[in-house]
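Working notes for the structure below.
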Amino acid sequence: MKRISELHDYCRQGWDIRYFERVDSTNTALLEAGRQGAAGGLVYVADEQTAGRGRLDRRWGAPPGTCLLLSLLFRPPEPFIYHAPRLTMLSGMAMADAIDAVTGIAVQLKWPNDLIVTCDGMWRKVAGILSEIGSAADTPPFLVIGIGLNVNVPAELLPDLAPNATSLLGEGGRPVERVALLDAFLARVEAYHAAMQAGADMLDLWRQRLAWMRCEVHVHTPTGSVTGIAEDVDETGALWLRLSDGAQQSFSAGDVSLRV
Ligand code: BT5
């Protein structure tokens, strides 16, 4: 299998793509680059992360040379609170589209930032997104969106990642060229970005594509779990549940599972 670091001749207009054979975390490194003043459009891609991170300081694992591990730096225009959640939303949609285009595997978005494969009410996680805001003195905040996609992780290594982890190899039965996924992903990010600038609201598109809307779900948070009907998502990306007593409750973070 070709290692991404051997494909440093891949480039795409409008993006400044840098490759790491090994890095602690593409998000951590890109946040630092952003603080040092790096321009939007900088992309870090790694073959291996020694300290890959999920949300809430959770670990993100990836056997070296098997996954797409990347982070994008955005410097959105004002208002930041409008653009930042939408850039995260469009990145998830772009990766789901890229997977479909390159492999034909149907991937769904699961609130807030997971890409999953579903079958008979069961789900398996193929990718996760970590969106982080960076700042430096006297400059507007910037956004780093990191995605870890399990591409060619062999089935026997998946349980080491998480009990419900899957990979494109595991789903489709054949290895997938990571650079083809990267190229398709960046093309879709560009297309969504152009649509957004032309007035399309990524929130509407994202809302339509989220799994389990109008289903009964559990939302697990560090302070406990709440059960309700997943009714909507709002401007900030928060999930709104309708509880059994008719009240509504919103969640800006948490993990969702389907009530079975
Ligand atoms: C996420 O967090 O899903 C966001 C993951 C973002 C990773 C990318 S890789 C490039 C960039 N650089 C970084 O350092 N991070 C980003 P969360 O929803 O908190 O999921 C973390 C949980 O998923 C862990 O607690 C495990 O249970 C599980 N997990 C860890 N590695 C996994 C994998 N490769 N596939 C599926 N599940 C995994």
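The values are calculated or read from the model by the stated rules, or taken from the named source; none is laboratory data. On a predicted model such as this, the values are computed, not experimentally measured, just so you know. Counting neighbours? That spans all protein chains shown, and the Cβs are built from the backbone with ideal geometry, glycine included.
Look at Y44 and say whether it is surrounded by 21 or more Cβ atoms within 10 Å (Cβ to Cβ), without any contact (Cβ under 8 Å) to a residue 40 or more places away in the chain and not in a loop (DSSP other than H, G, I, E, B). Criteria met by Y44.
For region 112-133, filtered to residues that are surrounded by fewer than 18 Cβ atoms within 10 Å (Cβ to Cβ) and touching a residue at least 60 places away in the same chain (Cβ under 8 Å), the residue that is nearest to the ligand (Cβ to nearest atom) is T118.
Close Cβ contacts (under 9 Å, 6 or more residues apart or on different chains) running from residues in region 241-260 that are in contact (Cβ under 8 Å) with a residue 60 or more places away in the chain and within 16 Å of A211 (Cα to Cα) to residues that are assigned to a loop (DSSP other than H, G, I, E, B) and away from the ligand (no atom under 16 Å from the Cβ) comprise L258/G121; L258/C215; V260/G121. List the number of the failed condition for P140; all other conditions in (1) in contact with an Asp or Glu (Cβ under 9 Å, 6 or more places away or on another chain); (2) farther than 22 Å from R18 by Cβ; (3) within 13 Å of the ligand (Cβ to nearest atom) hold. For P140, the failing item is (3). Tallying residues that are among the basic types (K, R) and in contact with a helix residue (DSSP H, G or I) (Cβ under 8 Å, 6 or more places away or on another chain) within region 48-74 yields 1. Only one entry of A200, A194 meets the criterion of being in a loop (DSSP other than H, G, I, E, B) and without any contact (Cβ under 8 Å) to a residue 40 or more places away in the chain, and that entry is A200.
Is it fair to say A39 is in a loop (DSSP other than H, G, I, E, B), surrounded by 18 or more Cβ atoms within 10 Å (Cβ to Cβ) and touching a strand residue (DSSP E or B) at 6+ places or on another chain (Cβ under 8 Å)? Against the criterion (in a loop (DSSP other than H, G, I, E, B), surrounded by 18 or more Cβ atoms within 10 Å (Cβ to Cβ) and touching a strand residue (DSSP E or B) at 6+ places or on another chain (Cβ under 8 Å)), A39 does not qualify. Of all residues in region 75-98, those satisfying the criterion of being among the aliphatic types (A, V, I, L, M) and either surrounded by 17 or more Cβ atoms within 10 Å (Cβ to Cβ) or within 14 Å of the ligand (Cβ to nearest atom) (or both) are A84, L87, M89, L90, M93, A94, M95, A96, A98. Contact annotation: residue pairs with Cβ atoms under 6 Å, 6 or more positions apart or on different chains, pairing a residue in region 50-74 that is more than 9 Å from the ligand (Cβ to nearest atom) with a partner that is not in a loop (DSSP other than H, G, I, E, B), are L72/V43; L72/I145; L73/L30; L73/G34; L73/L42; L73/V144; F74/L87; F74/L143. Here A101 clears all of (1) surrounded by fewer than 16 Cβ atoms within 10 Å (Cβ to Cβ); (2) within 29 Å of R174 (Cα to Cα); (3) within 14 Å of the ligand (Cβ to nearest atom); (4) of a type in the set (A, V, I, L, M, F, W, C) except the condition numbered (3). Restricting A136, A94 to those that are out of contact with any Phe, Trp or Tyr (no Cβ under 7 Å at 6 or more places or on another chain) and assigned by TED's automatic domain parsing to the domain that holds A46 reduces the list to A136.
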